[in-house]
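Notes follow once the structure below has been shown.
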Amino acid sequence: MPLQEITSAIARAEASAGRAPGSVRLIAVSKMQPLDRVRAVLDQGHRVFGENRVQEAAGKWPDLMAHHGAVELHLIGPLQTNKARQAVELFAAVQSLDRPKLARTLARLAQERGQCPDLFIQINTGEEPQKAGVAPAGADAFVAECRAMDLPVRGLMCIPPAGEEPSLHFALLAKIAARNGLAGLSMGMSDDFETAIAQGATHVRVGSAIFGARESG
Ligand SMILES: *Cc1c(COP(=O)(O)O)cnc(C)c1O
């Protein structure tokens, strides 16, 4: 589906949810996509992209940006502390903050650099053992812990369990964000971004619906 169909679908979902036009940011998830597809989306003027691996992003984006101009990159996959420095240099936002050790590392880097990417705390709404993210029951305490380190926590992110009704997870994420006074809600992917927008998403992460199926890797 071309980019323009997704942006139109987002606009319709905003309108039917009674939300302001432009209140939802589209993160085009370019992980494991052939570069010609990524360039095509850049050529259409899109400037917000998501990647789930630091290494892969560092391998392609400096060059793409040199040719197409700056883009706003969001890290949407797990971040190891030994890659944190590289990540804060490349990404405008890190959406996978999920543990105290990483928070402390990011706080130290923020001190040192005088700046920090926007941060989203990942919540494991389905409490899946194999999935990253803070358990819902630990979310309030972790938000407070990050704020005490002066980290710029802008919102929450979740990836609902495959095969489950995503609405319940989106609602839970919205509830945790509201009670913590967080405005950002990163939720919704190719199959469910319209549902997520109806439930308050401020950021949707859409990959295959824009670019087509990913290369396996
Ligand atoms: C890959 C990925 C997406 C995009 O998934 P699609 O189904 O291709 O839209 C969104 N969020 C995260 C965290 C991802 O890893």
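Estimated at 0.36 nm per residue, the fully extended path between residue 104 and residue 36 surpasses their Cα-Cα distance by 20.7 nm.
Only alpha carbons enter this Debye calculation for the range 1-112, each as an equal point scatterer, and the log10 of I(q)/I(0) it gives at q = 0.13, 0.20, 0.22 Å⁻¹ is -0.58, -1.06, -1.16. Under the simplified labelling scheme, the residue 215-residue 92 pair shows an inter-label distance of 2.6 nm, with each label point 7 Å from Cα along Cα→Cβ. Protein heavy-atom accessible surface, 1.4 Å probe, per residue over the chain: 46 Å². Could you calculate the FRET efficiency of residue 58 with residue 23 from 1/(1 + (r/R0)^6), where r is the beta carbon distance between them and R0 is 41 Å, rounded to 0.05? Efficiency computed from Cβ-Cβ geometry: 0.85. What's the carbon and sulfur percent of the chain's accessible surface, probe 1.4 angstrom, rounded to a whole number? C and S fraction of accessible area: 50 percent. The helix-only estimate of mean residue ellipticity at 222 nm for the chain, built from DSSP H runs of length n ≥ 4 each weighted as -39500 (n - 2.57), is -12500 deg cm²/dmol after division by the residue total. Counting only residues at least eight positions apart within a chain, or on another chain, the lysines with an alpha carbon under 30 Å from that of residue 175 are 31, 101, 131. Highest mean packing first, where packing is the average number of other Cβ atoms within 10 Å per residue, the peptides 65-78, 112-125 line up as 112-125, 65-78. What the Cα atoms of the chain give is an Rg and a Dmax of 16.6, 45 Å.
The values are calculated or read from the model by the stated rules, or taken from the named source; none is laboratory data. Quantities reported herein were computed from a predicted structural model and do not represent experimental measurements. Every residue, glycine as well, gets a Cβ built from its backbone with ideal geometry; the counts of neighbours run over all protein chains shown. Only protein heavy atoms, including side chains, enter the accessible area calculation; ligands, DNA and RNA are left aside. Shrake-Rupley method; radii C 1.70, N 1.55, O 1.52, S 1.80 Å.
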